[in-house]
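Below: one structure, written as structure tokens.
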Amino acid sequence: MKIQGVISDMDGVILDSEKLYVRFWCEAGRFYGFPMEEKHALSIRSMARPLASAKLKGIFGDGFDYEAVRSKRVELMDNYVEKNGIEVKSGAKELLSFLKENGYKVALATATPPQRAERYLKAHDLYKYFDVTVSASMVSVGKPAPDIYLKAAEMLGLSPQNCVALEDSPNGIKSASSAGCVTVMVPDLDKPSNDIIPLLHGVADGLSDVKRILRELEDCNIQ
């Protein structure tokens, strides 16, 4: 098994944006009278919109207007980002530079719309490191289904088995693992749960630690 590509999630892995999604999902939900808490927002991280809608309706009832709450979340977050920007996760640029310098093909697999992802990454001069970008809008079913990782690997011209996937959320990990990628968790807002651990090749201690895992995989291939 030779690793030739790396497919990475964006929010919570490359950009420190998951905390903003959680904050503004909660604020948007409360704006419409739903007592949305951090645990509810965390449960839909990276999740395809129809699945997220169904999950939140299951929590708050059929009266939960997913599209209205989501639109308010987008509005609140856009206003915040326009004023404050989004921070980059520690080690992101160094890792992406390492990947390009060492001949890895690199893809982005994100639930964020492509134009928004491009804007966020270009603000930090990171977009240039990605050979391809795949968003949930480009596949039939978003995370936790495998479609987005299968599509990313296909666009890279690689088998999923020859790609390391970097993820921080349970839904993203399920997506990458079911696609057949060598899945590595880079924890952000939570640690790997017992049901997630079996899906992982490893857990990285931040983005800088991903290089260690890649080297170990390379050594295994050489041996």
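The values are calculated or read from the model by the stated rules, or taken from the named source; none is laboratory data. Remember, it's a predicted structure, so these values are computed and weren't measured experimentally. Every residue, glycine among them, receives a Cβ derived from its backbone with ideal geometry; neighbour counts consider all protein chains shown. Accessible surface is based on the protein model in full, side chains and every heavy atom, while ligands, DNA and RNA are left aside. Shrake-Rupley method; radii C 1.70, N 1.55, O 1.52, S 1.80 Å.
Between a residue in segment 50-62 that is under 14 Å from GLY142 (Cα atoms) and any residue that is not in a helix (DSSP H, G or I), which pairs come within a Cβ distance under 6 Å, given they are 6 or more apart or on different chains?
So the pair list comes out as ALA52/ILE44.
Which one is surrounded by the fewest Cβ atoms within 10 Å (Cβ to Cβ) among residues in segment 201-219 that are touching a helix residue (DSSP H, G or I) at 6+ places or on another chain (Cβ under 7 Å) and within 16 Å of ASP168 (Cβ to Cβ)?
Restricting to residues being touching a helix residue (DSSP H, G or I) at 6+ places or on another chain (Cβ under 7 Å) and within 16 Å of ASP168 (Cβ to Cβ), the top hit is SER208.
In segment 48-73, which residue that is at pLDDT below 95 and open to solvent by 30 Å² or more (accessible area, probe 1.4 Å) is nearest to GLN115 (Cα to Cα)?
So, considering only residues that are at pLDDT below 95 and open to solvent by 30 Å² or more (accessible area, probe 1.4 Å), the one nearest to GLN115 (Cα to Cα) is ARG49.
Against the definition (over 24 Å from LYS2 (Cβ atoms) and among the aliphatic types (A, V, I, L, M)), how does ILE196 come out, yes or no?
In short, yes.
So that you can scan it fast, the table gives a plain yes or no per residue for (1) within 15 Å of the chain's Cα centre (by Cα); (2) closer than 23 Å to ALA54 by Cβ; (3) open to solvent by less than 40 Å² (accessible area, probe 1.4 Å):
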position: SER135; (1), (2), (3): yes, yes, yes
position: LYS143; (1), (2), (3): yes, yes, yes
position: ALA152; (1), (2), (3): yes, no, yes
position: LEU156; (1), (2), (3): no, no, yes
position: GLN161; (1), (2), (3): no, no, no
position: GLU167; (1), (2), (3): yes, yes, yes
position: GLY172; (1), (2), (3): yes, yes, yes
position: ALA176; (1), (2), (3): yes, yes, yes
position: GLY180; (1), (2), (3): no, no, yes
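Looking only at segment 171-223, how many residues end up being more than 23 Å from GLY91 (Cα to Cα) and among the small types (Gly, Ala, Ser)?
Residues meeting the conditions: 6.
Does any residue in segment 70-85 that is touching a residue at least 60 places away in the same chain (Cβ under 8 Å) come within less than 7 Å, Cβ to Cβ, of a residue that is surrounded by 14 or more Cβ atoms within 10 Å (Cβ to Cβ) six or more places away or on a different chain, and which pairs are these?
From residues that are touching a residue at least 60 places away in the same chain (Cβ under 8 Å), the pairs are TYR80/LEU20.
Scan segment 74-92 residue by residue and report those that are open to solvent by 80 Å² or more (accessible area, probe 1.4 Å) and among the basic types (Lys, Arg).
Answer for segment 74-92, where residues must be open to solvent by 80 Å² or more (accessible area, probe 1.4 Å) and among the basic types (Lys, Arg): just LYS83.
Of the residues that sit in segment 101-123 and are charged (D, E, K, R) and under 25 Å from ILE3 (Cβ atoms), which one is most open to solvent (accessible area, probe 1.4 Å)?
GLU101
Go through (1) loosely packed, with under 15 Cβ neighbours inside 10 Å; (2) closer than 16 Å to ASP11 by Cβ; (3) without any contact (Cβ under 8 Å) to a residue 40 or more places away in the chain for ALA41 and report which single condition fails.
Only one criterion in (1) loosely packed, with under 15 Cβ neighbours inside 10 Å; (2) closer than 16 Å to ASP11 by Cβ; (3) without any contact (Cβ under 8 Å) to a residue 40 or more places away in the chain is unmet by ALA41, namely (1).
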